[in-house]
Amino acid sequence: MKVKIQVVIESEDGHVQDVEEVACLKRGTLTAEELGLNLAEAKEILHSVQQSLTSQQIREYTAGRRPCPDCGRKRPQKGDPSDHISHAVRQTDLEQCAAVPV
């Protein structure tokens, strides 16, 4: 027997945003040792679920804070390869917008 455990993350309206397999258990002939989960398997599954959940929560948190609350434009983000704005342009943008980029 093979059991796959997945975390499925859905948006508020029910659309699937992400599916991640967190564990795959293989069981042979049923023995007392293979009945249910052992402690090591349970800990690994919990760890994987926790990682998946917190990663998604962090993505949503940062995405919600990326737009400027005053003007709505996308603020620069450290390490973002799509952010090719020069320092001079940023200074001009900051003068037009009261909010300081995070």
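Name the residues in segment 7-32 that are surrounded by 11 or more Cβ atoms within 10 Å (Cβ to Cβ), farther than 27 Å from P76 by Cβ and in contact with an Asp or Glu (Cβ under 7 Å, 6 or more places away or on another chain), would you?
The answer is V7, I9, A23, L25, R27.
What number of residues in segment 43-79 are closer than 20 Å to K4 by Cα and either in contact with a Leu (Cβ under 8 Å, 6 or more places away or on another chain) or surrounded by fewer than 13 Cβ atoms within 10 Å (Cβ to Cβ) (or both)? Even if it seems obvious, please write down each step before you answer.
Here is the first cut: in segment 43-79, the residues closer than 20 Å to K4 by Cα are 43-53.
Filter again for either in contact with a Leu (Cβ under 8 Å, 6 or more places away or on another chain) or surrounded by fewer than 13 Cβ atoms within 10 Å (Cβ to Cβ) (or both), leaving 43, 45-47, 50.
Qualifying residue count for the region: 5.
Could you please give the count of residues in segment 33-42 that are assigned to a helix (DSSP H, G or I), modelled with pLDDT of 85 or more and either outside the structural domain of K2 (by TED's automatic domain parsing) or exposed (fewer than 10 other Cβ atoms within 10 Å of the Cβ) (or both)?
To start, the set of residues in segment 33-42 that are assigned to a helix (DSSP H, G or I) comprises 33-34, 39-42.
This time we only want the ones that are modelled with pLDDT of 85 or more, so: 39-42.
Okay, now just the ones that are also either outside the structural domain of K2 (by TED's automatic domain parsing) or exposed (fewer than 10 other Cβ atoms within 10 Å of the Cβ) (or both), so 39-40.
Residues flagged as assigned to a helix (DSSP H, G or I), modelled with pLDDT of 85 or more and either outside the structural domain of K2 (by TED's automatic domain parsing) or exposed (fewer than 10 other Cβ atoms within 10 Å of the Cβ) (or both) within segment 33-42 amount to 2.
So how many residues does segment 50-72 have that are touching a residue at least 24 places away in the same chain (Cβ under 8 Å) and assigned to a strand (DSSP E or B)?
Selection size over segment 50-72: 0.
The values are calculated or read from the model by the stated rules, or taken from the named source; none is laboratory data. Not measured: the values here are computed from a predicted model. Backbone-built Cβ (ideal geometry, glycine too); neighbour counts: all protein chains shown.
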